[in-house]
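The values are calculated or read from the model by the stated rules, or taken from the named source; none is laboratory data. Remember, it's a predicted structure, so these values are computed and weren't measured experimentally. No Cβ is skipped: glycine too gets one built from the backbone with ideal geometry, and neighbour counts run over all protein chains shown.
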Amino acid sequence: MSLTKQFSLGFLFVLLLVFFGTVYINVNSFRAYVESQLSSHSQDTATSLGLSISPYVGDENSLPIVETMVNAIFDSGYYQRIELRNTENTVLLEKENPPTPQGVPNWFRDLFPLNPPTSESEINSGWSIAGVMTVTSHPGKGYAQLWENAQSTFRFTLLLFIVGSALLYAVLRIILTPVSAVVRASERISARDFSEIEDVPRTEELNLMVRAINKMASILNKQHNELTAQAQSYYQSAYVDSLTNLGNKLALDNRLARLFADKEMAPTGYLVIIRLSSLGDVNQNEGAQTADIYINTLAHIVKSKGAALSAEIYRVRGGDFVVLLEGVNETRCCDFLNDLSEEFSAQSLPMYTHGFAHIGAAKFNEFSNKQQLLENADAALTSAKNTTKRWQLASELETRISQSEWRKQFNRIIRDNAVDIVRQPVKDFDNNLVYSECYARFRGENEQEYLPMSQLIAESQHLHYAGELDTVILKKILTLLSADGAETVAINLSPLTLAERIYIDKFLELVKKAPESAEHLVVEIQEVCLQNAPENTHYLAKALRSLGAKLTIERVGSSIAAFAHLRKLRPNYIKLDGSFTRNIHKMEDNQFFVRSLVNIAHGLNIIVIAELVEEEIEAQTLQELFVDCIQGYMVSAPTKWIEST
């Protein structure tokens, strides 16, 4: 029972005792007074009536006169019994009224009984006693007065009780509101929400208590902010170019390491190298400040043109920039390069003696080699200086499926539910299964081979089928989950699904239809969604919490976007970007950053997962950095999820 209820019921019980005690004592005191009045009344009547009839007592002929005089008094109704006896104890005259009063409840008479005493008076005839007059007052009038007094007392005491209860409620609100605020603040602190209590009470004891809680929240909030700022500062210094605020060479190396280590995501796209053709001349002839402007001009152009393709841009050295176009096909890549070429041609200042910039690009997929990719792109860059369009692809692409054919394939997949699911476990360091991440494999028309995932992912995003495919995958997973029991599994939502609320609602509607499976479902979204669609991401997170499902933010650390959202979003898990996992035992910079990120996550009660773990030494280093769980080929390769029969 809450403290508020305990206080309220306790004080209410005391008030009720006071209320009924006051009524009882008051009525009982008035009952004693009424009995005293009845005794006095009967004694006075016996005395006065005895004196009045004394001349007639002893004479039988005068008995009618005596009776008349007694009747005159008895008929007033104030007497229950009047009796006249002679010296021989013979009843000469007797008058009696029924004892039951009118208009007074029986329970009241039983609770407060009136026992009117019987008074006697000796009647003298001369110097001798002629008889005895006995008078008993009727209790009816006394009961009526007592009942009226009880009602008045009850009404007045009830009014006081109501006023007292209202005052009690107000006092309890004054006392308990700060206490409730402290309780809520304590709960927020345990959930790593360090907001302070704004309404500080004036009562000294409560004021001290609230101020103590606020001080603790302020200290914890300061520590969390300092830790977050430290991690952000380190990320900026280690992975961000100070001049352009783009990723630096270390960030690119990490990104490429992750790109080619993630076998399940089937990466595809283009690596583009852009070189400022005249940077050496500008730096020598115009000075370093003008050279910096030259560099920033290129950075601005590439960022504005690459935004539509979600391009990842890095400045690796001097005037060399690298752009990663993941999930982009040949047509979109060439359009991007043409747009850049036109912008570069428009920069026709005399100081650009060798032109503004030139571009080389090479295609990659899941089978690409990092070193060979960079060499191909660099060779294309060298050739681009001698072309009119100032850009060059490293090689021709392999035979591709046309977009019309892809539309046909996507429609078939959605219609026939032509998808298989493979699972890869996420385990803690005690080898306990946390959950299994699910990956999709889409069957071709012959049902024997799978479609190439590298092309399929790129085309599904380009042709806006990503949301529909996510729905197909979820339906399949829910079907398998309902038949397979209570295993917890994860599904990946594409950034394009998160970009459109209609697909989010479709996804949530499917989860709502399977409430028994919702608590066994984890939804994984990429960190980039926090930048591109923050409102939709928070909308999804809130809906998943209400359904009992869990949320994982993956690829955390690929940018600093997650830091600003983690406290508000409160995911259940975060996955470190695989670029930090690969060879982490050799890279102190990555170790320091991972340790900072783990501290922030644990401060918010978030479980940290490292993905793409392939070597024992990597797992050991991650455990020393207090990472909670790992995933990768060292733990287990993905296996097909076969539906139970």
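Mind listing just one residue for me: the one in the stretch 563-597 that is over 19 Å from the mean Cα position of the chain (by Cα) and aliphatic (A, V, I, L, M) and, of those, surrounded by the fewest Cβ atoms within 10 Å (Cβ to Cβ)?
Among them, the one singled out is MET587.
In the stretch 600-626, what residues are polar (S, T, N, Q), assigned to a helix (DSSP H, G or I) and surrounded by fewer than 19 Cβ atoms within 10 Å (Cβ to Cβ)? Even if it seems obvious, please write down each step before you answer.
Taking the stretch 600-626 as the starting set, the residues that turn out to be polar (S, T, N, Q) are 605, 620-621, 623.
Keeping just the survivors that are assigned to a helix (DSSP H, G or I) gives 620-621, 623.
Result: GLN620, GLN623.
Of all residues in the stretch 307-327, which are surrounded by 14 or more Cβ atoms within 10 Å (Cβ to Cβ) and either among the aromatic types (Phe, Trp, Tyr) or over 38 Å from the mean Cα position of the chain (by Cα) (or both)? It would help to see each step written out before you state the result.
Let us first name the residues in the stretch 307-327 that are surrounded by 14 or more Cβ atoms within 10 Å (Cβ to Cβ), namely 309-316, 319-327.
Matches in the stretch 307-327: TYR314, ARG315, VAL316, GLY319, ASP320, PHE321, VAL322, VAL323.
What's the total number of residues in the stretch 126-166 that are among the hydroxyl-bearing types (Ser, Thr, Tyr), exposed (fewer than 15 other Cβ atoms within 10 Å of the Cβ) and over 60 Å from the mean Cα position of the chain (by Cα)? Walk me through how you get there before you give the answer.
Taking the stretch 126-166 first, the residues among the hydroxyl-bearing types (Ser, Thr, Tyr) are 128, 134, 136-137, 143, 152-153, 157, 165.
In the following step, the residues that additionally are exposed (fewer than 15 other Cβ atoms within 10 Å of the Cβ) were identified as 128, 152.
If we keep only those that are over 60 Å from the mean Cα position of the chain (by Cα) as well, we get 128.
Residues in the stretch 126-166 being among the hydroxyl-bearing types (Ser, Thr, Tyr), exposed (fewer than 15 other Cβ atoms within 10 Å of the Cβ) and over 60 Å from the mean Cα position of the chain (by Cα): 1 in total.
Test of understanding: among ILE553, ILE609, ILE600, which residue is within 23 Å of the chain's Cα centre (by Cα) and closer than 30 Å to ARG443 by Cα?
Working: ILE609 fails: closer than 30 Å to ARG443 by Cα; ILE600 fails: closer than 30 Å to ARG443 by Cα.
Only one candidate passes the filter, namely ILE553.
Could you pull out the residue among SER345, SER304 that is outside any loop (DSSP other than H, G, I, E, B), more than 22 Å from LYS370 (Cα to Cα) and within 41 Å of the chain's Cα centre (by Cα)?
Details: SER345 fails: within 41 Å of the chain's Cα centre (by Cα).
Exactly one residue qualifies, and that residue is SER304.
Could you count how many residues in the stretch 413-443 are surrounded by fewer than 18 Cβ atoms within 10 Å (Cβ to Cβ) and either assigned to a loop (DSSP other than H, G, I, E, B) or on the phi > 0 side of the Ramachandran plot (or both)?
5
State all residues of the stretch 357-379 that are within 21 Å of GLY280 (Cα to Cα), among the hydrophobic types (A, V, I, L, M, F, W, C) and surrounded by fewer than 22 Cβ atoms within 10 Å (Cβ to Cβ); if no residue qualifies, say none.
As a first pass, look at the stretch 357-379 and keep what is within 21 Å of GLY280 (Cα to Cα): 357-360, 378-379.
Pick out the ones that are also among the hydrophobic types (A, V, I, L, M, F, W, C) and you get 357, 359, 379.
The answer is ALA379, and nothing else.
Say we look at the stretch 470-494 and pick out the residues that are surrounded by 19 or more Cβ atoms within 10 Å (Cβ to Cβ) and not aliphatic (A, V, I, L, M); which of these is nearest to VAL522 (Cα to Cα)?
ASN492
Being of a type in the set (Asp, Glu), at pLDDT 75 or above and under 20 Å from ASN28 (Cβ atoms), is that true of even one residue in the stretch 82-93?
No, the stretch 82-93 contains no residue that is of a type in the set (Asp, Glu), at pLDDT 75 or above and under 20 Å from ASN28 (Cβ atoms).
From (1) in contact with a strand residue (DSSP E or B) (Cβ under 9 Å, 6 or more places away or on another chain); (2) modelled with pLDDT under 90, pick out the condition that doesn't hold for GLU516.
(1)
Do we have GLU375 as free of Cβ contacts under 8 Å to residues at least 12 places away in the same chain and of a type in the set (Asp, Glu) here?
Working: free of Cβ contacts under 8 Å to residues at least 12 places away in the same chain: yes; of a type in the set (Asp, Glu): yes.
Taking the combined requirement at face value, the residue satisfies it.
Looking at the stretch 612-645, which of the residues that are among the acidic types (Asp, Glu) and under 20 Å from GLU487 (Cβ atoms) is nearest to the chain's Cα centre (by Cα)? Outline the logic, then answer.
So the first thing to find is which residues in the stretch 612-645 are among the acidic types (Asp, Glu), and the list is 614-616, 618, 624, 628, 643.
The next check asks that each one be under 20 Å from GLU487 (Cβ atoms); those that pass are 628, 643.
Working: ASP628: 23, GLU643: 35 Å.
By that ranking, first place goes to ASP628.
Of the residues GLN403, GLN455, which single one is more than 29 Å from ILE609 (Cβ to Cβ) and more than 35 Å from the chain's Cα centre (by Cα)?
Details: GLN455 fails: more than 29 Å from ILE609 (Cβ to Cβ).
Being more than 29 Å from ILE609 (Cβ to Cβ) and more than 35 Å from the chain's Cα centre (by Cα) holds for just one of GLN403, GLN455, which is GLN403.
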